[in-house]
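In what follows, a single structure is set out as structure tokens and then discussed.
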Amino acid sequence: MVNLDPRPLEDFTMWVMLQRGGQKSNIPALKQLVNDWGKMTTQKTAGQRKYQPKDLSWDNLERVKMGILCEAVALVSTGDLDKLEELKEK
């Protein structure tokens, strides 16, 4: 039997999770997702040709875009982006 939290559904939103520090930024994941997005948008086959095994399927486009958004929000909300900017200024 599953015990569901009685709090309102709004408490389960991504933004609430990030505000509470529930996620840490993952710069390598962000870089990989951005690289995947770049490859998907520039490949000539749209990932539809089976004989092009290095091509990425466009079926993953929504997942990649949402991953970029989530990782960017985590980078900003954790303050890690501010730390990177300070290091760059030095």
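What follows draws every value from the coordinates through simple rules; no lab data is involved. Computed from a prediction, not measured in an experiment: that's the story for all the values here. Heads up, the Cβs are rebuilt from the backbone with ideal geometry, glycines too, and the neighbour counts pull from every protein chain shown.
Of all lysines in the structure, those lying under 28 Å Cα to Cα from LYS90, and not within fewer than 8 positions of it along the same chain, are LYS24, LYS31. Rounded to 0.05, the FRET efficiency of the ILE27 and ASN60 pair, given R0 = 22 Å and the Cβ-Cβ distance, is 0.60. Note on VAL76/THR42: beta-carbon distance plugged into 1/(1 + (r/R0)^6) with R0 of 25 Å gives a FRET efficiency of 0.40. A DSSP coil position with no more than 11 other Cβ atoms inside 10 Å describes none of the GluC sites (Glu not before Pro) in segment 48-90.
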